[in-house]
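My questions will all concern the structure given below.
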Amino acid sequence: MKNNTLITLFTLSFLVLSCDNSTGPDLEPLVVQLAEDVIADPAVIGPDGRPTGSGRYTLYSLSENKLILSSEETDPAVRQADSASTKWDIGFNATTIIINGGTSGPGAGVAQVLTQAFQDVVSAPATGYVADGSNQNCPGIQTPAGSFPGAPYAICTGSGNGWYNYDSNGPLITPIAGRTIVVRTAAGQNYAKVRILSYYKGSPADPDPLADESRYYTFEYVLQTDGTTNLSIE
């Protein structure tokens, strides 16, 4: 009888340990996705000899890794339909980046810029996000009449304030090393981390601002689709 009891206890212990060690169904590993030469309203030389843009944004889906609306699209009806949708997560016009939420779109998108290397961001922060139109943390811009807040996008504009530095001697736009954009997508359920790699067409290693076409984004990102904040690729 004693032996039977010991066997029963051993069997139960084995079953409990087996349950505790179960990890459930395997989850798909996160992968780094690449978006290349995403057009962002390339400038044209005006009658006065100065480069100017159209002011139109390119809208991009991180969820589907594809362009939703190009800055080259001029049809007002098409632009209105796409911009008023939640099909896109992030938008680009020159050096300005918008997020689908707040004053920029109907989505639930928010974002923040972290001073962390892309590979070191292993989870989306619990706090610190802002929507476009709600960012009170952008540095002020000085004018002869005083100062006023920078454009209140979630990602601050201006050299050194957000994702890039501007060198007027080039003039050259370069992504700031060690800065990562974390986005909650338009659907409001998933998170992504984004690193801008280049602002020039073809992503040249040493861009020549006088020869290379600007306003073409190449960036990499990791998107979490299971609703958690995990952004680790290891």
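The values are calculated or read from the model by the stated rules, or taken from the named source; none is laboratory data. Everything quoted here is computed from the prediction, not taken from an experiment. Glycine also receives a Cβ, built like all others from the backbone with ideal geometry; neighbour counts cover every protein chain displayed.
Across region 64-116, which residue is surrounded by the most Cβ atoms within 10 Å (Cβ to Cβ) among those that are among the β-branched types (V, I, T) and part of a loop (DSSP other than H, G, I, E, B)?
Looking at the filtered set, the residue picked out is T95.
Search region 122-156 for residues being surrounded by fewer than 20 Cβ atoms within 10 Å (Cβ to Cβ) and of a type in the set (V, I, T), and hand back the single one that is modelled with the lowest pLDDT.
That would be T143.
Right, here's the next one. Consider D41 against the criteria (1) under 19 Å from the mean Cα position of the chain (by Cα); (2) closer than 22 Å to T218 by Cα; (3) without any contact (Cβ under 8 Å) to a residue 12 or more places away in the chain: it satisfies all of them except one. Which criterion is unmet?
(3)
Can you find, within region 49-63, the residue that is farthest from L34 (Cα to Cα) among those that are among the polar types (S, T, N, Q) and either loosely packed, with under 12 Cβ neighbours inside 10 Å or without any contact (Cβ under 8 Å) to a residue 40 or more places away in the chain (or both)?
This residue is T52.
Quick one: I68 ticks every box in (1) modelled with pLDDT of 95 or more; (2) more than 22 Å from A186 (Cβ to Cβ) bar one, so which box is it?
Of (1) modelled with pLDDT of 95 or more; (2) more than 22 Å from A186 (Cβ to Cβ), only one is false for I68: (2).
Among the numbered conditions (1) under 26 Å from T86 (Cα atoms); (2) hydroxyl-bearing (S, T, Y); (3) surrounded by fewer than 18 Cβ atoms within 10 Å (Cβ to Cβ), tell me where T180 comes up short.
For T180, the failing item is (3).
Being over 30 Å from I99 (Cβ atoms), in a loop (DSSP other than H, G, I, E, B) and at pLDDT below 50, is that true of even one residue in region 7-22?
Yes.
Inside region 195-234, can you point out the residues that are without any contact (Cβ under 8 Å) to a residue 60 or more places away in the chain and either under 17 Å from A43 (Cα atoms) or in a strand (DSSP E or B) (or both)?
I196, L197, S198, Y200, P207, D208, P209, L210, A211, D212
For G160, are the conditions met, namely being part of a loop (DSSP other than H, G, I, E, B) and at positive phi?
So G160 passes the test.
Only one of G46, G53, G101 is under 30 Å from N161 (Cα atoms), at pLDDT below 95, touching an Asp or Glu at 6+ places or on another chain (Cβ under 7 Å) and not basic (K, R). Can you tell me which?
G53
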